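To start, the structure itself, in structure tokens.
The values are calculated or read from the model by the stated rules, or taken from the named source; none is laboratory data. Since the structure is predicted, the reported quantities are computational estimates derived from the model, not experimental observations. For neighbour counting, all protein chains shown are included, and Cβ atoms are generated from backbone atoms with ideal geometry for every residue, glycine included. Heads up: the accessible areas ignore ligands, DNA and RNA and are worked out on the full protein's heavy atoms, side chains in. Shrake-Rupley method; radii C 1.70, N 1.55, O 1.52, S 1.80 Å.
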Amino acid sequence: LSRSGEGGMELNQLDPKDLALGSALNQRVANPFFGIVNNGVHLSSTIARGQLLRPYPQFTNVQPLYDAGSNSIYHAWQNTFRRRFSHGFMFEGNYTWSKMIDTGDSHQNPYDVAASRALSAQDVAHRFVGSVVYDLPIGPGRALNTGDSAVSRFVLGGWQVNGIITYQSGTPLAFSASNTSGLFAARTQPNNNGQSGQKTGPVRERLNSYFLTSPFSQPAAFTFGNLSRYLPDIRSDSTRNWDVSLFKQFQITERVRTQFRAEFFNAFNTVRFGGPNTTVTSGAFGVITSQSNAPRQIQFGLKVLF
């Protein structure tokens, strides 16, 4: 009985006390369901001892339809900064300092869901988003009055600069290991030797070794790993993005205006690197091979207002 993707709590996992059996869990024994259950692992006259020790040995995976067996908690400090439009300038910014913790929706040991409690995959410790609008003080009637000539009106005046700034810390990383516990668990966590794998310095200088790999290892067969689901000290690359636009208004007649706009997404072409390989058994463990944001993009537009 399996409803993959509809629930994360595995109800048909062996009790952790059965870890003491070790490799005996894989020994082939007579299959009492042979000829009765005509699919899956029950088609053979022999079956792994571990399958018969499961709470529901006639089934493989048993998962609740609407209960993932998880819970979460979120705390945040939020601030808004605002300068209303005055003298051609407006600014608004929002800053959030937060922490999100959950137990996830798949567990190394569903007999002890609390052991899965860790930072959430969506945890973003710091996030700032600001927007700026600035009418440049150049042109007829502006602070830097350039007169009412054609050049002043059509070239120098009527420019506006806009920007959206986003700075956000990276999300915590999850490490994985080969699932060798033998208990039919959803996953096996890696082991950690008690040392942090955190490294500092520019990400572009750590692409082949984003973090220290030596503190992490594959657990021995028929054991649980001791590493947390998500690591608070090793996170993906942060977001540092500026989107900038430049507008220019042309008064064609009393009722008709034309607006030219140039928009620069990721204006400073700042790279946000993709996540590193986090599988402890991989030869590329700790290596970054991708970029997670788009390079700078520029677009131009012309709009007529009447």
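In table form, for the structure just shown:
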| item | result |
| --- | --- |
| Matching residues in the stretch 211-236 - criterion: being hydroxyl-bearing (S, T, Y) and open to solvent by less than 60 Å² (accessible area, probe 1.4 Å) | T213, S217, T223, S228, Y230, S236 |
| I298 under 18 Å from N193 (Cα atoms), of a type in the set (A, V, I, L, M, F, W, C) and either assigned to a strand (DSSP E or B) or open to solvent by 50 Å² or more (accessible area, probe 1.4 Å) (or both) | no |
| Members of the stretch 175-185 that are crowded, with 20+ Cβ neighbours inside 10 Å, of a type in the set (G, A, S) and under 22 Å from the mean Cα position of the chain (by Cα) | A177 |
| Condition check for P110: modelled with pLDDT of 90 or more, out of contact with any Pro (no Cβ under 6 Å at 6 or more places or on another chain) and either open to solvent by less than 40 Å² (accessible area, probe 1.4 Å) or closer than 30 Å to W159 by Cα (or both) | no |
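Conditions tested, residue by residue: (1) open to solvent by less than 70 Å² (accessible area, probe 1.4 Å); (2) modelled with pLDDT of 95 or more; (3) assigned to a loop (DSSP other than H, G, I, E, B).
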{"site": "H42", "(1), (2), (3)": "yes, no, no"}
{"site": "T60", "(1), (2), (3)": "yes, no, yes"}
{"site": "L65", "(1), (2), (3)": "yes, no, yes"}
{"site": "A68", "(1), (2), (3)": "yes, no, yes"}
{"site": "Y74", "(1), (2), (3)": "no, yes, no"}
{"site": "Q78", "(1), (2), (3)": "no, yes, no"}
{"site": "F85", "(1), (2), (3)": "no, no, no"}
{"site": "E92", "(1), (2), (3)": "yes, yes, no"}
{"site": "Y95", "(1), (2), (3)": "yes, yes, no"}
